[in-house]
1. Kindly indicate whether any position in the stretch A:217-224 is in a loop (DSSP other than H, G, I, E, B), in contact with a helix residue (DSSP H, G or I) (Cβ under 7 Å, 6 or more places away or on another chain) and within 14 Å of chain B (Cβ to nearest Cβ).
2. If I go through the stretch A:392-411 residue by residue, how many of them are touching a residue at least 60 places away in the same chain (Cβ under 8 Å) and more than 14 Å from every other protein chain (Cβ to nearest Cβ)?
3. Would you be able to tell me the number of residues in the stretch B:281-334 that are under 27 Å from B:Ile402 (Cα atoms) and hydroxyl-bearing (Ser, Thr, Tyr)?
4. Can you confirm whether the stretch B:27-44 contains a residue that is under 29 Å from B:Glu131 (Cα atoms), within 23 Å of the chain's Cα centre (by Cα), at pLDDT 95 or above and not hydroxyl-bearing (Ser, Thr, Tyr)?
5. Among the residues of the stretch B:255-277, what is the count of those that are assigned to a helix (DSSP H, G or I) and over 13 Å from B:Asn311 (Cα atoms)?
6. Out of B:Pro126, B:Pro168, B:Pro172, I need the residue that is of a type outside the set (Val, Ile, Thr), closer than 29 Å to B:Pro314 by Cβ, at pLDDT below 95 and buried (at least 16 other Cβ atoms within 10 Å of the Cβ). Which one?
7. Restrict the check to the stretch B:94-113 and report whether at least one residue is among the polar types (S, T, N, Q), part of a helix (DSSP H, G or I) and either out of contact with any helix residue (DSSP H, G or I) (no Cβ under 7 Å at 6 or more places or on another chain) or in the same structural domain as B:Tyr195 (by TED's automatic domain parsing) (or both).
8. Can you go through B:Leu92, B:Leu69 and tell me which one is surrounded by 21 or more Cβ atoms within 10 Å (Cβ to Cβ) and within 22 Å of B:Ser215 (Cα to Cα)?
Amino acid sequence: MQNDISSFQLSNGLQVLLKEIHTVPIVSQWTWYRVGSRNEKAGIRGISHWVEHLQFKGTEKFPGEKLDQVISRVGGIWNAMTHLDWTTYYETLPANQIDLALDLEADRMQHSVFDEDEINAERTVVISELEGNENDPLFRLNSAIQSKAFQFHPYSHDVIGTLEDLQHMTRDQLFRYYQDHYNPDNAILCIAGDFNITEVTAKIERYFSSIPPRSISEENIPVEPDQTNENYLEIKGPGDALYIQIAYHASQANHRDFFTLSVLDSLLAGPSPLVMFGGGGISNRTSRLYQALVEKDIVVSVSGDVQATIDPFLHTFILTLNPTADPHKALQAFDKEIEKIKQEKITRQDIDRAIQQAEAMFAYGSENITNQAFWMGYSSIFASYDWYENYIQNLRSITDTDIQTFAQKHFAFHNRTIGIYFPTQEEDHDAIQ
Amino acid sequence: MMQSNNTNFQNHFPNASTIRRFQLGNGITVLAYSNMHSKSLTVIGMLATGSAWDQAGKLGTAHFTASMLMRGNEKMTFREISDRLESVGASLSFSAGTLNTWFQGRSLVKDFPMLLALLYDNLTSPIFPQEYITRLRNQLITSLLIRDQDTQERAALEFDKVLFKSHPYALPVDGYAETIANIQRHDLTKHHSMYHPHNAVIAVSGALPLQDIESMIKGQFDQWAPKKESVNPVSTGFEAIIEETRSHIPIEGKSQSDIQMGTFGPSRASADYYAAYLGNHVLGQFGLYGRIGRSVRNKAGLAYYAFSSLNALPEIGSWEFNAGVNPVNVEKTITLIKDEIRHYLEEPLQEDELEDSKSHLIGRLPMSLESNAGIANALLSIERFHLGLDYFQNYASLISSITPAQILEASRRYLDPEKLIIISAGVEK
């Protein structure tokens, strides 16, 4: 055991992380699969997310309707998420129900039915989810940015996929994808909460050790070459606000530059929550961009985002403007602040401030058992649990020189894509220039 | 190390012997809970004034006033307040509702005195700088323009308007772009003059002993001098719904339409609240949205979300049904939801179906009380709705005692599938 975590691997390759927390009588179990939109190709965009939906449609042992009830009736909450690099399923429930969560996840790791009628009913549900997303101008802008910023890497596409692929994917494609990726040697099982590690280890052996591994062939995921020119795009669509998104190619999470980037983003746009349950909530009103843009009445809000990913993804800023505002004036003011951070060294005090914010967010996040279980798996997807444990320490090691050197490289014009969403009452879906 | 004892969750819940409830001389009621498992504290609370006091043509004044509280007080500028909080990862915010003004703050233990001092200063001595009034007005108007394009928000706004008619619940707390434009500095200071400690409630949960929390709250809030209470605005009553009302809000260029339908529901204090609450859980919450989810999402595949909810307010409530669907499926979805309501009202719930919901509601309680924010919110509800300090101890027996007959009787009192308000928002089809 290391850092109060028990970590081991079953002979079939299932990676397991356990953490006893006895503050309340609940447990949270997360089952992570190393599959997301990163693993998708043309023709099956959105398949990872659709398979996630179908994992709620049942097995012989837990038929659809029963599956829908089995966790809820014991007072549990459960759900699933699909992202760029991963798909994850969680159950948070009374501690004495841990067997149920283990049984269910072991069963649907290998025995999901993928009934044709269920697939067709869920096809329209997923399309409805896509349509709901498309109602949001920021979703449309972000989609266009990703598509422009990545020419080769699958990060070019939204997790939810494309309408055309969702309309045409077959049961065979979905089932094969499930079989290829839902295997113990492609999964991480994480449990935190009120249990005894020895007892739960025996249970995990009982439920999971008989599931055969399925050697996964190394996927040839294209490497995105360095961007060489600044990209610019405009979208027109319904709405009453103007949005600007500026996206720079970023570092992957398992790289020292990621920690430098986290401090930099915190200075510019405020701290990103990084945690999913119970963290966040710190305002960004003293951040440099808020002071330069919002306090000068150039934009009405600004935010930044850094995501921890396996491959280099995007570091994005979103500016929201009054519809009559001048977006180019906002971009000039944005660039002026970026130029400052490239030219002038920041102070140690600035770095310490970002660290204190991160420490506070980690403290808030640790109040929640579900969140603690989340972190064990999430960090293991792109690095290891040490990444989470050492996060603050890694931030502390960042120097003012690191920040400036990184900023000069990162904030190069040729490393970014700018997108502007112009509101109009006349719908023009194809007005991407 | 605490021993696992999963059969007796109640031992872990805040209760009359672990919650400290006391009143200050100026009328503030305080509920405090010591949660030494955490490293932080959360404070939340409410004052007895809100948008119901807004003048005609200036709807949004209470919201605007609350939003201005962070923009400077007699001791500190907006920048200094923000710096004090953000430099240590703390947070503080204010908002308005129809009948109340709310606040919420969070910090690490060492910073809690600073947080309470800021909360007090911002609540009692904001300075409303004109520069920030102009800036915030612009920000609020932009957020309202964004709201105007949101199908779900627009359907909900219209639903409240039709259901509550001339009662303040009919109006959006954040106002409209044109009413926000009308609000001047003197409107904000006038509204702020109605802030008073009498009937205010403060709830705190976190990693300090109870006596420390109590002395810190007293040290900060005892000094707030009581004022004459503001008189409650005159509210009209509620008119019964006599027939189905159907309307559509056209919003061009949207891929998805939103439906909101429903009627009046029980108030939080109603004797039949728990029966309706449980019935609604079976109807539109349990698992993936209950019976409505099974019909609209699972079987028909029409929607990503389709559910029902009870919005229980102090005086009355609403029983609401929501779905987001492709514009061509709006009518079909409305029919399916009405069919489910009809079926729900025909006969008592099956025992096993009801038991599932009961065990879910009882079992999930510990999860809502994990964090300081969850506990503080629960304490505030205990005070707001007079639930009693042993509410969490009694919750299981309260839920367990509800019968199918009680649920049917309560549900029939409120729901009638032929007398619903039905609003859709999105493109015309």
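1. Kept after step one, since they are in a loop (DSSP other than H, G, I, E, B), are these residues of the stretch A:217-224: A:217-224.
Right, trim to in contact with a helix residue (DSSP H, G or I) (Cβ under 7 Å, 6 or more places away or on another chain) and you get A:219, A:221.
Filter once more, so that each one left must be within 14 Å of chain B (Cβ to nearest Cβ): none.
No; the residues of the stretch A:217-224 include none that is in a loop (DSSP other than H, G, I, E, B), in contact with a helix residue (DSSP H, G or I) (Cβ under 7 Å, 6 or more places away or on another chain) and within 14 Å of chain B (Cβ to nearest Cβ).
2. Result for the stretch A:392-411: 11.
3. First, pick out the residues of the stretch B:281-334 that are under 27 Å from B:Ile402 (Cα atoms): B:281-295, B:306-322.
Add one more test, that the residue is hydroxyl-bearing (Ser, Thr, Tyr), and what stays is B:289, B:295, B:308-309, B:318.
Summing the residues that are under 27 Å from B:Ile402 (Cα atoms) and hydroxyl-bearing (Ser, Thr, Tyr) in the stretch B:281-334 gives 5.
4. Filtering the stretch B:27-44 down to residues under 29 Å from B:Glu131 (Cα atoms) leaves B:44.
From the residues that got through so far, the ones that are within 23 Å of the chain's Cα centre (by Cα) too are B:44.
Checking the rest, the ones that are also at pLDDT 95 or above come to B:44.
Going one step further and asking which of them are not hydroxyl-bearing (Ser, Thr, Tyr), we end up with B:44.
Yes, the stretch B:27-44 contains at least one residue that is under 29 Å from B:Glu131 (Cα atoms), within 23 Å of the chain's Cα centre (by Cα), at pLDDT 95 or above and not hydroxyl-bearing (Ser, Thr, Tyr).
5. Adding up the residues that qualify gives 1.
6. Values: B:Pro126 fails: at pLDDT below 95; B:Pro172 fails: at pLDDT below 95.
Selected residue: B:Pro168, the only one of B:Pro126, B:Pro168, B:Pro172 that is of a type outside the set (Val, Ile, Thr), closer than 29 Å to B:Pro314 by Cβ, at pLDDT below 95 and buried (at least 16 other Cβ atoms within 10 Å of the Cβ).
7. Start the filter on the stretch B:94-113 by keeping residues that are among the polar types (S, T, N, Q), which leaves B:95, B:98, B:100-101, B:104, B:107.
Of the ones still in play, those that are also part of a helix (DSSP H, G or I) are none.
Checking the stretch B:94-113: not a single residue is among the polar types (S, T, N, Q), part of a helix (DSSP H, G or I) and either out of contact with any helix residue (DSSP H, G or I) (no Cβ under 7 Å at 6 or more places or on another chain) or in the same structural domain as B:Tyr195 (by TED's automatic domain parsing) (or both).
8. On the way: B:Leu69 fails: within 22 Å of B:Ser215 (Cα to Cα).
Result of the check over B:Leu92, B:Leu69: B:Leu92.
The values are calculated or read from the model by the stated rules, or taken from the named source; none is laboratory data. All of these numbers come straight from a predicted model, not from anything done at the bench. In this analysis, Cβ positions are derived from the backbone assuming ideal geometry, glycine residues included, and neighbour counts consider all displayed protein chains.
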